Amino acid sequence: MVQAVNGKFSLEYLLNLLLNAGLIGHQQSLNLLAEYGAAFKNLKRAGTEGKGQPQSDPLDYVVSLKLPLIGAAEGRLIDDDVLAHLMAKDSGLPYLRVEQRELDIEYVTRLLPKSFAYRHLVLPLGLEGSVLKVGVRHPFYQAVLDDVRRVANLKIQPVILSQTNLRRLIGDIYAFNLSVKGATGLYQGGSSLGLEVSNLEQYVKLKNAAEISDDDQHIKNLVDLLFAEAFEGHASDIHLEPKRDHLLVRMRFDGILHDMYRLPGVIHSAIISRIKTISRLDIAERRRPQDGRIKIAHKDREAEIRVSTVPVAFGEKAVLRILNPEALFLDLKSMFFNPADYEKWSQFTANPHGIILVSGPTGSGKTTTLYSTLRQLATPAVNVTTIEDPIEMIHEQFNQIAVQPKVGITFGSIIRTILRQDPDIIMVGEMRDKETAENAVQAALTGHLVLSTIHTNDAPSAVTRMVELGLEPFLVSSTIVGIMAQRLVRRICPYCSDDYVMTEKMALELGFITQGDLNLKYGRGCEECRNTGYLGRLATVEVLSISPSMKTLILEGNQNAIDLKNLARAEGMTTLRENALDLMLAGKTTIEEVLRVTGAD
């Protein structure tokens, strides 16, 4: 165990931890101590010590050095999470990464005042039997813990949290609790006060916890905090689901839904009304589904939110899809793990005319693939026009048209109009009926490149689906140049990835044929990945080229997906399952993700 100087938290203690862990050298440690001492003397001499100077705190000072973390992913630095792990290991205290949704916010905020929690960076985390777990940033908090013990009248179990985790939790939960209590008190008493509806907002700048005060409107603050949490956590969707006696808030991270909060049911209508107001929906209409949009700014980033409301058993459910430009437009080459698949896709898009299809279920990344492709193709020399339902993301390089059936703008009908607009490339949101398919074929036959999506389980099935929509086989074979099916698998978190061995026996039991054991990776769970072991997602694809032999098979009237798949594999197509397994073997994803996404393929 590393001994602290005089039993106190100090820079020397932290540097000794790093030194013993092999993360810094002895001479480097001495140099840093000397530099810190000189800097600290200057602060005292200037009379600014303790006045918001982050370098005066030992932990902040080490983090500010931005030292590279040896043996970790490229670009990973020694941060407060690394130091928290070292202090926990050295002191024998548990280390935790805590999410706001895991806490009983009312209990925590009632036990300690906000000023005390902020000043000492200490936070009750909840009861475990008759013991109160209390989060601290380092092991030397005895006096503060004694105060908490007296207030709670309980046994105390200190646990180490990273300083960043603690600061964010304290800021968020007190602001969140203030908003929930204020809103509940306002609406529980049957107040007739409502939300502003005269000044409809289209652009919303989110507040953070520090900017929210007691005199702000509580519902607005609560909605801002929900948006901010989703935005900072890189959630793709927010679900607001009314239940009999509460409002369930769920968020989707990396394709998986997580329960976040259970809010008082009395504030459900007010939250939905606030969301409707800023997305320009009719707040008085609660019987019919509605769709709208919000553009938000948070810190230095912007995003669009697509809002959908629908009446359910206990009120209106709202789903808010967050459209992040950084996630919607990707570098195409980096999206493909297999270079041969990228080469095929590039050959498809190099064609001056024809139909290119992307297949997969909702949420499989089809729109991202099409948008990223269109941005690569959209040069000043070409006219790119899209037909979408709804428009996912406004992009100035595209001429984007929203489907509006009430005024006769459908996928099928608008293509005829677009052909009179001199397009080079047309993106059709979805091949969903015969009219759309026939007009897309007509556009391809008259010299236009058409990109679209189709809902099938794999690439060969897209051919069968086009014929089922009513197209003649000779039109399918002569216009479609390529099809790509895709899914998204969660990526192993690079910050906490670790090695393990899958034995040959285990692999065979899971249905994988291998010779010998497999050296694979998994994510242990850390602050960066919200303790899930996954951070971000990767595409697994199968790319089907309509080769001359494939055209012959289709023309012969054989649109059987199995026969088409067998021929495609004989010609070198890698299936979704095979591509996912390659990602697993390369240490990019896990066997659990392969099985979850590709099923029994």
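Observations
- Out of Thr362, Thr367, sole residue that is closer than 24 Å to Glu343 by Cα, surrounded by fewer than 22 Cβ atoms within 10 Å (Cβ to Cβ) and in the same structural domain as Phe474 (by TED's automatic domain parsing): Thr367
- Which listed residue, of Ala570, Ala586, is among the small types (Gly, Ala, Ser) and either in contact with a Phe, Trp or Tyr (Cβ under 8 Å, 6 or more places away or on another chain) or touching a residue at least 12 places away in the same chain (Cβ under 8 Å) (or both): Ala586
- Here Leu240, Leu263, Leu225 are screened, and the one residue that is of a type in the set (A, V, I, L, M), free of Cβ contacts under 8 Å to residues at least 60 places away in the same chain and not assigned by TED's automatic domain parsing to the domain that holds Glu106 is Leu225.
- Only a single item in (1) in a strand (DSSP E or B); (2) out of contact with any helix residue (DSSP H, G or I) (no Cβ under 9 Å at 6 or more places or on another chain); (3) of a type outside the set (Gly, Ala, Ser) is not met by Leu125, and it is number (2).
The rows are residues; the columns are (1) under 20 Å from the mean Cα position of the chain (by Cα); (2) assigned to a strand (DSSP E or B).
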residue	(1), (2)
Arg321	yes, yes
Pro352	no, no
Ile356	no, yes
Thr362	yes, no
Thr368	yes, no
Thr379	no, no
Thr385	no, yes
Ile415	no, no
Met427	no, yes
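Conditions (1) exposed (fewer than 14 other Cβ atoms within 10 Å of the Cβ); (2) touching a helix residue (DSSP H, G or I) at 6+ places or on another chain (Cβ under 8 Å); (3) assigned by TED's automatic domain parsing to the domain that holds Ala235, marked per residue:
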| site | (1), (2), (3) |
| --- | --- |
| Gly533 | no, no, no |
| Ser545 | no, yes, no |
| Pro548 | yes, no, no |
| Lys551 | no, yes, no |
| Gly557 | yes, yes, no |
| Lys565 | no, yes, no |
| Ala568 | no, yes, no |
| Gly572 | yes, yes, no |
| Gly587 | no, no, no |
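- For Leu121, the criteria (1) under 21 Å from Tyr261 (Cα atoms); (2) at pLDDT 90 or above hold in every case but one, which is (1).
- Subset of region 450-504 (residues that are touching a Lys or Arg at 6+ places or on another chain (Cβ under 9 Å) and assigned to a loop (DSSP other than H, G, I, E, B)): His455, Thr456, Asp458, Leu469, Gly470, Leu471, Cys493, Pro494, Tyr495, Cys496
- Per the conditions (1) under 27 Å from Ser497 (Cβ atoms); (2) modelled with pLDDT of 85 or more, the sole criterion not satisfied by Ala72 is (2).
- Filtering Ile296, Ile278, Ile271, Ile283 for residues that are touching a residue at least 12 places away in the same chain (Cβ under 8 Å) and under 17 Å from the mean Cα position of the chain (by Cα) leaves a single hit, Ile296.
- For region 555-589, the set of residues classified as in a helix (DSSP H, G or I) and of a type in the set (D, E, K, R) consists of Asp563, Lys565, Arg569, Arg577, Glu578, Asp582, listed by residue number.
- Candidate set from region 161-180 (those that are in contact with a Lys or Arg (Cβ under 7 Å, 6 or more places away or on another chain) and of a type outside the set (Ser, Thr, Tyr)); member that is farthest from Gly126 (Cα to Cα): Gln163
- Residues in region 1-28 that are modelled with pLDDT under 85 and either in a helix (DSSP H, G or I) or among the charged types (D, E, K, R) (or both): Val5, Asn6, Gly7, Lys8.
- All positions within region 274-314 that are in contact with a Gly (Cβ under 7 Å, 6 or more places away or on another chain) and polar (S, T, N, Q): Ser279
- Test result for Ala437, of a type in the set (A, V, I, L, M, F, W, C), touching a helix residue (DSSP H, G or I) at 6+ places or on another chain (Cβ under 7 Å) and not in a strand (DSSP E or B): yes
- Residue that is nearest to the chain's Cα centre (by Cα) [pool: residues in region 339-350 that are farther than 21 Å from Thr464 by Cα and among the hydrophobic types (A, V, I, L, M, F, W, C)]: Ala340
- Among the residues of region 337-350, just one is closer than 23 Å to Ile415 by Cα and either without any contact (Cβ under 8 Å) to a residue 60 or more places away in the chain or in a strand (DSSP E or B) (or both), namely Ala350.
The values are calculated or read from the model by the stated rules, or taken from the named source; none is laboratory data. Quick caveat, the model's predicted, so the values are computed rather than measured. Glycine also receives a Cβ, built like all others from the backbone with ideal geometry; neighbour counts cover every protein chain displayed.
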